[in-house]
Amino acid sequence: MTFEKPAGEYVAKDYYIWNGEPELNGDGDFYQELVPTNPVDYKYYAVNDGECIQTEGRRVTSKLYGPKRFLSKARARPGLTARLQRLVERTDLRGLGVDFVRDAENRFWAIDLNLAAGYRNTGLEPAICRSIRASLPE
């Protein structure tokens, strides 16, 4: 991330998501170098339900190239999910979402982290309810 436009292709983002969508080579509050990839995002979600950390992944079209559309459930990737679980544990979070892209060498790059992820249609909705209940004082 940088506050100056990179020399090559980049993604421009605003500080607040409600100010607009990320834009390829546009103007923004900060910038990320573009990772050359197919126009697919891998959205992984983690929820600490008070007993364990559950994860799910989804493949969607990138908003950089048009409206976001659901493509499929993402294949389980033990390395990515273990790192997500470790991040949730270390930061004592109840849940988060991380967006990844995959480059031509099959490496995954985290491009966005969302503490208020939308868990709709992830199958984690029951875990979110248990997480909320576990967080409430008795």
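The values are calculated or read from the model by the stated rules, or taken from the named source; none is laboratory data. Not measured: the values here are computed from a predicted model. Cβ coordinates were reconstructed from backbone atoms using ideal geometry, including for glycine residues, and neighbour counts include every protein chain displayed. Only protein heavy atoms, including side chains, enter the accessible area calculation; ligands, DNA and RNA are left aside. Shrake-Rupley method; radii C 1.70, N 1.55, O 1.52, S 1.80 Å.
Quick one: in region 104-122, which of the residues that are in a loop (DSSP other than H, G, I, E, B) and touching a residue at least 40 places away in the same chain (Cβ under 8 Å) is nearest to Ile17 (Cα to Cα)?
Among those that are in a loop (DSSP other than H, G, I, E, B) and touching a residue at least 40 places away in the same chain (Cβ under 8 Å), it is Ala117.
State whether one or more residues within region 126-137 are at pLDDT below 95, among the charged types (D, E, K, R) and over 14 Å from the mean Cα position of the chain (by Cα).
yes
Among the numbered criteria (1) outside any strand (DSSP E or B); (2) open to solvent by less than 60 Å² (accessible area, probe 1.4 Å), which single criterion is violated by Val101?
(1)
Restricting region 1-57 to residues that are open to solvent by 50 Å² or more (accessible area, probe 1.4 Å) and within 22 Å of Thr91 (Cβ to Cβ), which is farthest from the chain's Cα centre (by Cα)?
Out of the qualifying residues, it is Glu51.
Condition first: of a type outside the set (S, T, N, Q), closer than 18 Å to Gly97 by Cβ and in contact with a Gly (Cβ under 7 Å, 6 or more places away or on another chain). Now tell me which residues in region 23-72 satisfy that.
Tyr42, Lys43, Tyr44, Tyr45, Ala46, Val47, Glu56, listed by residue number.
Do we have any residue at all in region 89-96 that's within 14 Å of the chain's Cα centre (by Cα) and modelled with pLDDT under 95?
For region 89-96, residues within 14 Å of the chain's Cα centre (by Cα) and modelled with pLDDT under 95: present.
For Trp18, only one of the following conditions fails: (1) assigned to a loop (DSSP other than H, G, I, E, B); (2) at pLDDT below 90; (3) out of contact with any Phe, Trp or Tyr (no Cβ under 7 Å at 6 or more places or on another chain). What is its number?
With respect to (1) assigned to a loop (DSSP other than H, G, I, E, B); (2) at pLDDT below 90; (3) out of contact with any Phe, Trp or Tyr (no Cβ under 7 Å at 6 or more places or on another chain), Trp18 is out only on (1).
Could you give me the residue pairs with C-beta distances under 7 Å whose first residue belongs to region 123-137 and is surrounded by 13 or more Cβ atoms within 10 Å (Cβ to Cβ), whose second residue is in a loop (DSSP other than H, G, I, E, B) and small (Gly, Ala, Ser) wherever it lies, and which are 6+ apart or on separate chains?
Arg130/Gly50; Ser131/Gly50
When you check Val60 against the structure, is it within 13 Å of the chain's Cα centre (by Cα), more than 30 Å from Ser135 (Cα to Cα) and of a type in the set (A, V, I, L, M), yes or no?
yes
Pairs, please: C-beta under 6 Å, at least 6 apart or cross-chain, first residue closer than 17 Å to Asn25 by Cα and in region 59-71, second open to solvent by less than 50 Å² (accessible area, probe 1.4 Å)?
Ser62/Asp41
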